[in-house]
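K.L.:
I'd like to ask you about the structure that follows.
The values are calculated or read from the model by the stated rules, or taken from the named source; none is laboratory data. Every value quoted in this text rests on a predicted model; they were computed, and no experiment measured them. So basically every Cβ, Gly included, is an ideal-geometry build from the backbone, and we count neighbours across all protein chains shown.
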Amino acid sequence: MISRVYIFDTTLRDGEQSPGVSLSVEDKKEIAKALERLRVDVIEAGFPVASPGDFEGVKAIAETVRDVQVAALARANQKDIDVAWEAIRNATSPRIHTFIATSDIHLQYKLRKSREEVLQLAVEAVKYAKKYTPIVEFSAEDATRSDWDYLAEVVVAVIKAGAVTVNIPDTVGYTVPQEYYDLIKHLVEALKKADLYHLFEEGEVCFSVHCHNDLGLAVANSLSALLAGARQVECTINGIGERAGNAALEEIVMALKTRQDYFAKVLGKPLETRIDTRQIVPTSQLVSKLTGMMVQPNKAIVGANAFAHESGIHQHGVIMHRGTYEIMDPQEVGWTGSAIVLGKHSGRHAVRFKLESRGWKLSSEDLSRVFERFRKEVKDVLRSVADEYLEGVLLDEFLEGEYRYEVSAAYVSSLYGAPLKPLAQVEVIDRESGAKKAVDVGVGSIDAAFKAVAQALGYRFLGKEDRAPSSPLDLRLIDFHIDAVGKGTESLGVCGVVIEDQAGKRSAGLGKDYDIVAAGIKALVNALNRLEAYRSRGEELKKELAAKAGE
Ligand code: KIV
Ligand code: ZN
């Protein structure tokens, strides 16, 4: 029995059938190139007969990628197969994937055909497709709800007709791991009885699995089928696909890699794919961007939180030894590394670790001061915060008395439906040069307020189109967010702002107020104060604190 597992990616066919997804030909080509870099074995590029757009997409992919097979889907009839072939004929290794349902419910209500008729159509379709290419795959749609003996009869017949891959789809995500295992074993037994087992054993004929996720079991079912002898898995990036989606490629591949020991123990040798796992995250992000299907943060392998740690105990463990709370190396799947995320659950270890990585060495007493203040500051913040907030808290703790700016008054208008722009008037105090006033307009009240504050203090916010910052007074707004703490219209607005100067120095500020524009102004002025404090005293303070820590 071979130990190589073939990864058949159907992101561009079953994945593209996800409700709301529609990819242009260019998008499809871009994803296909990413899948080629990922080193999948087969790209199912689409269902050419479905529409001229599908046909063009499959054809373009077949003519673009080289180091991967390209499959086209076709129902079990000559027209579908002819059109499929036209679309993939220029591929280096073209595969026709023909299918027909085998479950009684599909036969009775959808196909209105007898079992004998379906068996005959399946055999004829495989024979017809074989005239075009030796690589013919047959799928028994809704296999897991089909009568097992009838399914075995179809499987034996299509192999005799020339199918080299026989796919046993769990079309409606109905099966469970043990049952699916038993079904694959049942089919392997059928090959033995039909004297075809040698083809299977030598890898000339391969069982494939294609699991949908209606019960959240698509990956578990696929792995179970591999233990029973299947050697091709049909899956999609991020698990996208019809209804609840398909088995997620990244989960299958990483389960095989991470638990190689288990598969080797059960099967006598590990199961291997040819996937370049470092391409997993970039491919996932590309698919998410082009399909518009967001990846949930807690999604295994590719979710933003998959390697992020915010709670104190876990952060401590990961800082001491990554293996305490991580079973995979994030770099192995294409992340830059594990993320120690700062938030209200963070502990002292993470705070020390983050400060040290920015060059701050603190005595235990000073660390406690910063830690307590940080906890208080982020208490109301609903999300994790950027590392710059922690440094900002440290600067507040030691240099607040020296801060330069203060807003004494601000008046900001807000418009709805009027053909005017919101206006902001601000009065600020610069302790170095006295009181300043400014008036500005913006696309919204926050924009107007930020421009007026910047103008009064002599700064300039650069837009995306602007030239690179050239003066210490040029700033870019890197992040701006507002969270509501509490419920209803009387909630407290908590605003976070991250700015960056021309030297790439980032400074974060936080502002809280029941008026969200006021919260925004406080956050901006806080970020500016911290930036100026760092510029004038940051390096000196680092040395002072390090000297205390060394005592
Ligand atoms: O889910 C399914 O049965 C399919 C087949 C066409 C393979 O997508
Ligand atoms: Zn499917």
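K.L.:
Give the residues of segment 418-448 that are among the aliphatic types (A, V, I, L, M) and out of contact with any Gly (no Cβ under 6 Å at 6 or more places or on another chain), sorted by residue number.
P.N.:
Matches in segment 418-448: ALA418, LEU420, LEU423, ALA424, VAL426, VAL428, ILE429, ALA435, ALA438, VAL439, VAL441, VAL443.
K.L.:
Here's something else I'd like to know. For the list (1) away from ligand 1 (no atom under 16 Å from the Cβ); (2) outside any helix (DSSP H, G or I); (3) in the same structural domain as GLU242 (by TED's automatic domain parsing), I need the number of the one condition that HIS97 fails.
P.N.:
Failed condition: (1).
K.L.:
Suppose the filter is at positive phi, within 17 Å of the chain's Cα centre (by Cα) and either polar (S, T, N, Q) or outside the structural domain of THR165 (by TED's automatic domain parsing) (or both); does ASN238 pass it?
P.N.:
So ASN238 passes the test.
K.L.:
Of all residues in segment 10-31 being of a type in the set (A, V, I, L, M) and over 12 Å from THR236 (Cα atoms), which is surrounded by the most Cβ atoms within 10 Å (Cβ to Cβ)?
P.N.:
Per the criteria, the residue is LEU23.
K.L.:
Of everything in segment 1-58 that's more than 21 Å from the chain's Cα centre (by Cα), of a type in the set (Val, Ile, Thr) and in a helix (DSSP H, G or I), which residue is nearest to ligand 1 (Cβ to nearest atom)?
P.N.:
Across segment 1-58, the extreme among qualifying residues is VAL49.
K.L.:
Still on this structure, I have one more. So, in segment 49-64, of the ones that are touching a Ser or Thr at 6+ places or on another chain (Cβ under 9 Å) and more than 18 Å from GLU137 (Cβ to Cβ), which residue ends up farthest from ligand 2 (Cβ to nearest atom)?
P.N.:
GLY53
K.L.:
Then there is this: Just one of GLU326, GLU272, GLU251 is over 19 Å from ALA32 (Cα atoms) and crowded, with 19+ Cβ neighbours inside 10 Å; which is it?
P.N.:
GLU251
K.L.:
In segment 269-296, what residues are in a loop (DSSP other than H, G, I, E, B) and at pLDDT 95 or above?
P.N.:
LEU271, THR273, ARG274, ILE275, ASP276, GLY292, MET293, MET294, VAL295, GLN296
K.L.:
I'd like to check which strands (runs of 3 or more DSSP E) are fully inside segment 443-551 and have at least 3 residues that are within 32 Å of the chain's Cα centre (by Cα), without any contact (Cβ under 8 Å) to a residue 60 or more places away in the chain and crowded, with 22+ Cβ neighbours inside 10 Å.
P.N.:
Once the strands (runs of 3 or more DSSP E) in segment 443-551 are filtered for at least 3 residues that are within 32 Å of the chain's Cα centre (by Cα), without any contact (Cβ under 8 Å) to a residue 60 or more places away in the chain and crowded, with 22+ Cβ neighbours inside 10 Å, what remains is 492-500.
K.L.:
Could I ask something else about it? Could you tell me whether segment 185-206 includes any residue that is within 16 Å of ligand 2 (Cβ to nearest atom) and assigned by TED's automatic domain parsing to the domain that holds GLU251?
P.N.:
no
K.L.:
Take the conditions closer than 27 Å to LYS542 by Cα and touching a helix residue (DSSP H, G or I) at 6+ places or on another chain (Cβ under 9 Å) and apply them to ASP440. Does it pass?
P.N.:
no
K.L.:
Follow-up question, since we're still on this one. Taking segment 140-177 on its own, how many of its residues are among the polar types (S, T, N, Q), within 16 Å of VAL188 (Cα to Cα) and within 13 Å of ligand 2 (Cβ to nearest atom)?
P.N.:
Qualifying residue count for the region: 2.
K.L.:
Sticking with this structure for a sec: Filter the strands (runs of 3 or more DSSP E) completely within segment 121-240 down to those with at least 1 residues that are touching a residue at least 60 places away in the same chain (Cβ under 8 Å) and away from ligand 1 (no atom under 16 Å from the Cβ).
P.N.:
So the answer is none; nothing clears 1.
K.L.:
Same structure again: Taking segment 1-46, which residues are within 16 Å of ligand 2 (Cβ to nearest atom) and β-branched (Val, Ile, Thr)?
P.N.:
Correct list: ILE7, THR10, THR11, VAL21, VAL42, ILE43.
K.L.:
Then there's this: Could you list all residues from segment 254-268 that are surrounded by 14 or more Cβ atoms within 10 Å (Cβ to Cβ) and either among the hydrophobic types (A, V, I, L, M, F, W, C) or within 14 Å of ligand 2 (Cβ to nearest atom) (or both)?
P.N.:
MET254, ALA255, LEU256, PHE263, LEU267
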